[in-house]
Amino acid sequence: MTDKYAVFGNPIGHSKSPAIHRQFAEQTGQALSYEKQLVDKQGFEAAADAFFNSGGKGLNITVPFKQDAYAYVARTTPRARRAGAVNTLSLEADGTVLGDTTDGVGLVNDIKDNLGWDIRHKRVLILGAGGAVRGVLEPLLEEQPQHVVIANRTVDKALQLAKGFAEFGYLLGCGFDMLGEQQFDVIINGTSAGLQGELPPLPDSLIDAKSATACYDMLYGAEPTPFVQWAQQRGAQASDGLGMLVEQAAESFALWRGVRPQTAPVIADLRAQLCN
């Protein structure tokens, strides 16, 4: 029998997850189906129950249901508990549902393995202090950067996040207006400003021309995002988050199927589709 998987979201029409997982299944010879499902914003629990009761094996979760998924599961992995969010559900052998988060691993794998950027002992700046950033902090800090600065419009949120993850590394929180003349080796945009074609207020001095600052946007699109454009115009290396999308999916696939697919051909295929 073909094992059944899906992604839940609202909206969901734009999701590339079914195409990604179909390629993973073909690569690895796994018999599975993977569909996208539009879920009513008040109906997550009922939809998840129906999915697992009908033989479903695993779910990916996207906006706006990551908190609902966290509340739904019987157990969470340590990294999901610390992130306070879940994007991957797995039906366990005892019939319970386990919640995990793969976003942080996806980000780190894309930065290190696909882009070849180093994080260890580097000065890292993260823009934003919302759920997207919270979900990637632990795996980033495990790479042992020199320090991580979290900059956010609301300073209190940045300070709370820095305090919450202080056990994993040297973290500072501040407002965008407090970045001053600081320079960084890696800058990661975790804000959603790019969805409105906007940028956080960033001083040009953040880019270190001597060390070739690397800039990463967790958003992606057919055209370079506003943050990627900002970085490129100032001579920095820059990438959007398409690789993160594929890498976090690969982590989910490996959790479900016990085999890790090749991501490079899938990233290349998606990039070609976006540009056509």
Rounded tilt (10° steps) of 17-28 against the dominant C-alpha axis of the chain
70
Need the C-alpha centroid separation for the stretch 196-258 versus the stretch 1-73, integer Å.
26
Could you give log10 I(q)/I(0) at q = 0.11, 0.19, 0.26 Å⁻¹ for the stretch 209-276, computed by the Debye formula over C-alpha point scatterers of equal weight, without solvent?
-0.34, -0.80, -1.07
Rounded to the nearest 500, what is the chain's calculated 222 nm mean residue ellipticity when only DSSP H runs of at least 4 contribute -39500 (n - 2.57) each, over all residues?
-10000 deg cm²/dmol
Tell me, what does the Kirkwood hydrodynamic radius of the chain come to in angstroms if you use every pair of distinct C-alpha atoms?
19.3
Among Lys36/Lys112; Lys112/Lys157; Lys41/Lys66; Lys122/Lys157, the pairs whose Cα-Cα distance exceeds 19 Å are Lys36/Lys112; Lys112/Lys157; Lys122/Lys157
Counting as exposed only GluC sites (Glu not before Pro) in DSSP loop states with no more than 15 other Cβ atoms inside 10 Å, the longest exposed-site-free span of the chain is 1-91
Taking Cα atoms, how many degrees apart are the long axis of helix 264-275 and the longest axis of the chain, rounded to 10 and kept between 0 and 90?
80
Given a 1.4 angstrom probe, what's the average accessible area per residue across the chain, in square angstrom?
45
Can you grab the distance from the C-alpha centre of the stretch 87-137 to the C-alpha centre of the stretch 160-175, Å, no decimals?
17
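Mind checking the stretch 168-276 for trypsin sites (Lys or Arg not before Pro) that DSSP puts in a loop (not H, G, I, E or B) and that have at most 13 other Cβ atoms within 10 Å?
Hits after loop and neighbour filter: Lys210.
The values are calculated or read from the model by the stated rules, or taken from the named source; none is laboratory data. Note that this is a predicted model, so its numbers are computed, not measured. Cβ: placed from backbone, ideal geometry, glycine included. Neighbour counts: every protein chain shown. Protein only, heavy atoms only, side chains kept; ligands, DNA and RNA dropped before computing areas. Shrake-Rupley method; radii C 1.70, N 1.55, O 1.52, S 1.80 Å.
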